[in-house]
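The values are calculated or read from the model by the stated rules, or taken from the named source; none is laboratory data. None of the values given here were measured: they were computed from a predicted structure. Cβ placement follows ideal geometry from the backbone for every residue including glycine, while neighbour counts extend to all protein chains displayed. The protein model used for the area step is the full one, side chains on, heavy atoms only, and it has no ligands, DNA or RNA in it. Shrake-Rupley method; radii C 1.70, N 1.55, O 1.52, S 1.80 Å.
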Amino acid sequence: MFSRIGAAAFKKDLTNTITLCKHLNDPHNRFKSIHVAGTNGKGSVSHMLAAILQTAGYKTGLYTSPHLRDFRERIKVNGEQIKDQFVIDFTENIQPLIEEIEPSFFEITVAMAFDYFAKEKVDIAVIEVGLGGRFDSTNIITPELSIITNIGWDHMNILGDSLEKIAFEKAGIVKESIPVVIGETLPETKPVFEKIAAENNAPVHYAKQKKAVLTWEWQKNELIVEVAEKGKTDHKKFHLDLPGIYQSKNLLTVLEACSVLKELNYTIDEKDIRNGLQKTKKLTGLHGRWEIIHEYPTIILDVAHNEDGIKQIIQQIELTTHHELHIVIGLVKDKEIDKVLSLLPHSAHYYFTEAQIPRALPAEILKSKAKDQNLNGEIFPDVNTAIKVARLKSHKDDLIIVCGSVFLVGEVKIIYTI
């Protein structure tokens, strides 16, 4: 299971997924789909798009990973999690094949999602890549649209030690003649995208070429973003219930994706986009993206866990009014730990902990590495104990951030939710 043990579970091969799906009569060929890859933002983009499509009246499947608390979060139709009984029946039915070919947890889950979407007769499914793109189990689909949010430093032990190599792996989702939306580019990654798109005759749409974020503001736990479109004098304001300022980048990607879908004859009105964006959390159940779970002191959960994600968190912290800063943090072993720690502020109070999985970096080692970066704090056996102590030590105007790992955030008991 990749989420538990990491790189050892990853396979550079699609054979098992193809075999599983063939056994199931190729369910991925029985529904339309949108494929979403990227280093950061792919989960948010997938959920926002699913919310918009659902609001527009399409029966919408959504496949994402990893889950925070319940395995069934990974597979949803119109925001409703896959039924327990379907998971049980599916697994029992393909047990002989599992024993024969020994597929990974992720390969089985992808096949389950595709089978569920086909049987539910979804109009369209938004499929988030698990890792990379080229060899990801989801990459057996031929989507209506491919999306690559951005490229950053993550999973270098698997995807490559340069941005060009990582971009090449992510661009593996580009298919023959299928349009692709690119959220953000870098000088190193743009030529990679253009070359692969040209080889596949795939039309490329750069989100930032047509639209730009002019301003943004926070209001009642919403992010309000003003967007300008090239060649148009009227600006549009969008209210997002995902309040992280980094969502403004994801918004441009989603808006461009909607424009391309309309060109493909999908009926998506302006009101569908606005309503979907304003109710993404409610409609799709997305959590852990600058999620405020308590006030006085403010406690925020964010699944940021790599260099780019932590940079975005720090940017947002700097724009947040608070007295003292408390950071509850736990990482996994296969991240760029020293790079992540080097980005964190020295003035914060730190609470070092670990998720209850084998892949977690022991809190003692995290504290030692943090000390090398002049970050000081105490060790706690689990995230909830760490949060409890942080609350006791906090003033009502303080800010407590819980970050560093999806698995750590997933273990937070949401007893505080506002």
Checking region 276-372 for trypsin sites (Lys or Arg not before Pro) in a loop per DSSP with at most 16 other beta-carbon atoms within 10 Å yields Lys333
In whole percent, the Cα-Cα distances of region 243-361 spread across 5 Å bins from 0 upward as 2, 8, 16, 19, 16, 13, 11, 7, 5, 2, 0
Highest GNM mean-square fluctuation among Asn265, Asn384, Asn374, for the chain with Cα springs under 10 Å, belongs to Asn265
Computed, not fitted: 222 nm per-residue ellipticity of the chain from DSSP H runs ≥ 4 (each -39500 (n - 2.57)), nearest 500, equal to -11000 deg cm²/dmol
Connecting every pair of Cα atoms under 10 Å apart in the chain and solving the GNM, the largest mean-square fluctuation among Leu68, Leu97, Leu286 falls on Leu97
Within region 36-121, DSSP-loop trypsin sites (Lys or Arg not before Pro) with at most 15 other C-beta atoms within 10 Å are Arg69, Lys83, Lys121
With the 1.4 Å probe rolled over protein heavy atoms, the chain has an accessible area per residue in Å² of 42 Å²
Taking only the Cα positions of region 109-216, the convex hull volume per residue in Å³ is 136 Å³
The convex hull of the Cα atoms of region 312-378, divided by residue count, gives a volume in Å³ per residue of 87 Å³
Once Asn221 and Ile379 are pulled to full extension, the length gained, defined as 0.36 nm per residue separation minus their Cα-Cα distance, is 53.8 nm
Across all Cα atoms of the chain, Rg and the largest Cα-Cα distance (Dmax), in Å, are 20.9, 61
The ratio Rg/Rh over the Cα atoms of region 228-310, Rh being the Kirkwood inverse mean 1/r radius, stands at 1.03
Heavy-atom accessible area with a 1.4 angstrom probe orders Phe105, Phe380, most exposed first, as Phe105, Phe380
So Ala212 and His395, fully extended at 0.36 nm per residue minus their Cα-Cα distance, gain in nm 62.0 nm
Kirkwood radius from Cα pairs of region 331-417 plugged into Stokes-Einstein at 37 °C, 0.692 mPa s, gives D in µm²/s equal to 246 µm²/s
Note on region 75-124: C-alpha Rg/Rh, Kirkwood Rh, two decimals, gives 0.99
Of region 235-268, those with amide N under 19 Å from the point 7 Å along the Cα→Cβ vector of His322 are 242-247
